[in-house]
Each structure stands twice: as structure tokens, then as C-alpha cells.
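Below is one structure, written out as C-alpha cells; the observations come after it.
No lab work stands behind these numbers, since they all come straight from the coordinates. What you see is a predicted model; the values in this text were computed from it and never measured. Cβ placement follows ideal geometry from the backbone for every residue including glycine, while neighbour counts extend to all protein chains displayed.
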Amino acid sequence: MSFKFPDSFLWGGATAANQIEGSHLRDGKGLSTSDVCPYGAFGEIVPRQAGDFNIKDLAIDFYHRYPEDIALFAEMGFTCLRLSIAWSRIFPNGDDAEPNEAGLTYYDKIFAELDKHGIQPLVTLSHYEMPLNLAEKYHGWASRDVIGFFEKYARVVFERYGHAVKLWLTFNEINVTLHEPFTGSGLPRDCDEQTRYQAIHHQLVASAKAVKACHEMIPDAKIGNMILGAIQYPFTCNPDDVMHTLTQNREWLMFGDVQARGYYPSYMTRKFKELGVEINITEDDREALKETIDFVSFSYYMSGCASADPNEQAKTEGNMLNMVANPYLKASEWGWQIDPVGLRYLLNFLYDRYQLPLFVVENGFGAKDVVNESGEIVDDYRIDYLNDHLFQLGEAIQDGVEVMGYTSWGPIDLVSASTAQLAKRYGYIYVDRNDDNQGTLDRIRKKSFYWYQSIIESQGEKLTPPKA
Ligand code: BG6
């Protein structure tokens, strides 16, 4: 590829506290909603008991090993690391009067270490978890009170880290409450649509309040939203399929529309009516929503299709999004369909819609890696996936889309969010730990480590056109 990515383009990887840190109760941390999901975000919720064990309690022990891991990221040439702050380290119960100083100190050390290596942090305020107490005592985001707790938390971390962190995101995949209400909003899984959309509304208001606080407190920072970019194509050119696809895409676009435009899109009026949902939106809420984001970020792993035909829908498999499979695409072992062109399409689609800078903050290939007899991990399948997606990202930039950066998911192996497996690996860095809790936790550079290093070093010039 003769094209070079812009000098300002940020290269790196993305992580989440509950999937890497471990130390789930250390230094005063409270339990989070993730800590009671030992089988992953969509698995059974299991109350904690003394002496029990969840793979995330140790995860990859980033809590202690961060200097080594950050040095490895720097060796690859990262200029950016996306990570999340565990809200329950700062406010162990969510409604505490004062923040937990030991939790704040931990992230001081992380940001100092990143600074030492010239890596810019991109920080998510809430990535698939909230203090468990808020879920138990307040029914999570169903309660309006949680808006205030979140705003307080956001203000505390902006005050503390504003000198070091200039890029922020509010909620990871804010649209996930539509698919998984406990992980997304601390709601019971069987909650009705009224509760679900009211909780989503509270989250949208809280997000806008955090955006406002960030603009006031760190004027030289930028803050964005984060959506699961679940783009769907019409399964056929039958107008019914095309119309159905528009409706399906609006389910997740609604979040970006509110956060980027400052008000609910008109199509939601009919949607709420059809669902029999009446959202309590106060005048203060409407005023708060007017504070809009500086950039749009999203995760992109796969695309899918939408069909108006219930028989086609029944054939769907592979992911929580229940999209109809695309016969032109291959899929990963977990059924996630691989569509690099979809990334270019989505970038263009979102830029046309919002005319705001975009940031690809998650993308990657989960696979079972094998350490060969020479102790190497030859992960050509991952290199192919990442090369093809980054190539298409380069095409989108040439299409005129403003893209701030790319942080691939799980630059170091981590615990899977959906299945709590370590066997589903995304990293450039292998971590010696297995699902049966065996392993030294040693880090090993995979073949993709050197590949990504060369891509960053060449500013994308070494990307190759996708193989036919
Ligand atoms: C995204 C989440 O949806 O997908 C991450 O934001 C998650 O937390 C990633 O890890 C990959 O999903 P999984 O289930 O393979 O870990």
C-alpha cells in the first residue's frame, strides 16, 4: 500500500479493567457487576461467597504486571492505549460519600507509566461494569439516582487525571443494554421494555453530564461516546428487507444520534409508541442532552444481515446480536462473521451521518492460539484479519473520512467478555494462563507482535491488499 496514515493517527490497543486487572477486592475495591458473572457477560449471575473463585479475580494480573505490559506496548510502537477505570475502585459502593484514595492512586501509577513511554491514554469511564451495590440497592440504571453517582465519579476522575488524560469515552458499547441489561445497566435480565429504555435514558443523560463536566474541567480534552457498530445489510433487495434493515440499524444508531445531535431522533416516537413505552424525560434531561460529544467511537468485529422474513431470522447463529448470516462471509470459530469491507462502509456511513471525527476503538480476531515446539505463536490468521481491516480503514481515510486512531481489541490476551474464556485470545502478546487456571502468566510475543510493530513503524505503508 503506497498510502501512509496521517501523522496524527493514533495506533494502539484497547482493554477493559475487569478483563485484565484481577485484584478484584484489593486496595478497597468493591464488587462490580462483572464480579458476579463468572461465566461471562451473558452467563449466569452468581452471588459471591467467601473462598469462591472467578477467572477475572486474577485475569492476567495487569494490576501488578502493568510496567512489563506497558513496556511491551511501547516496544510495538503504541501511541495510544485504551483502558477503563473500574468505577468500583474509586467508589466501592457507588454511593459512597468519599472516593477511595487507594483506587485513585492505582490509576495515578498507570497514567505515569504510560506517560513515561509516550503512550496517550484513552479512558472509558464505564466498560461493562458498575459497582454491584448500585445494581442491588437501586436496580442499576433504572434509578435516576445513579445519574448523580456517575456524574460525581466522572468529576472525581476528571479532577484527578485531567492533567494526564486528554481522551475520554463515557460508556462502552452503550447500546448493549438492548441485548444484555445486567451487563449494560445493572438491570435484571427479565426486565420489561419500559424499564430497559428508561435506564438507557438515564445513561444517555449521565453520559451528556459527563461530557459537560469534561468540557468544563479539562478544556483541552476530547470526549466521545462508544457504540457497538452492529451494521446490518439487507439480506436481499426485497424492499421489505431493505426497510427492515433500516429499522434494525436505527436500534443502535439511536444512541449515537442522541449523543451527537443532542436530542432523540424523530423515529423513536413511533418506536416507543409501538413498544408501549413512555419515557420520563424532564426539562432538565432535555437541557443536559444538548451537551454533545466531540467524536464518535465504536467497536467493529463483524457485520450481519437483516431480513423481514421470520424463516431467515430463525437461521441466525453466532452472536448475541441475532443478525442473519451473510452467505458471502466466513466466520471465526465463535461464529463472528469476518467483513473488512464492512469497516470501510461503516466509517463512511457514520461520517456521512455525523460529520464528526471517528475513532475505531475495538476490532480484532478471537482465536485459540498454539505455542509450537519452538515456543512461538504463529498467528497468521490474526495478521490476515487485522491487515485486511486496517487496509479498509486506510481506504476510508482516502474516501475523506476523518479517523483519529485505531485501538485493536485485547493487544495482550485477556479474559473474554462474553464467555469468560482465556482460550479466546486476541493479543499480539500471549499470556500463559488457561481456562483451567493453570499457567505461569508469562508474556510471549506472537508473530503478530512484530507484524503490528512494522505496520505502526511504517505508518500503515506496509499493509497489503486483501488476498483474493
Ligand atoms: C466488545 C467488548 O463487545 O467485544 C469487549 O467491548 C469484549 O469487552 C470484546 O471483550 C470481544 O468480545 P469477547 O466476548 O470475545 O471478549
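Per-structure values
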item	result
Cross-link partners of Lys116 among aspartates and glutamates (Cα-Cα below 18 Å; sequence separation of 8 or more within a chain)	Glu68, Asp69, Glu75, Asp108
Cα centroid separation, segment 15-31 to segment 394-468 (Å)	22 Å
Mean ellipticity per residue at 222 nm, deg cm²/dmol - from DSSP H runs of n ≥ 4 across the chain, formula -39500 (n - 2.57)	-12000 deg cm²/dmol
Exceeding the 26 Å Cα-Cα cut-off - candidates Lys368/Lys447; Lys56/Lys467; Lys222/Lys368; Lys137/Lys222	Lys56/Lys467; Lys222/Lys368; Lys137/Lys222
Separation in nanometres of the label points that stand 7 Å from Cα toward Cβ, at Lys467 and Val370	1.7 nm
Alpha carbon convex hull of the chain, projected area averaged over orientations, nm²	21.4 nm²
Segment 212-287-segment 342-388 distance, computed between alpha-carbon centres (Å)	25 Å
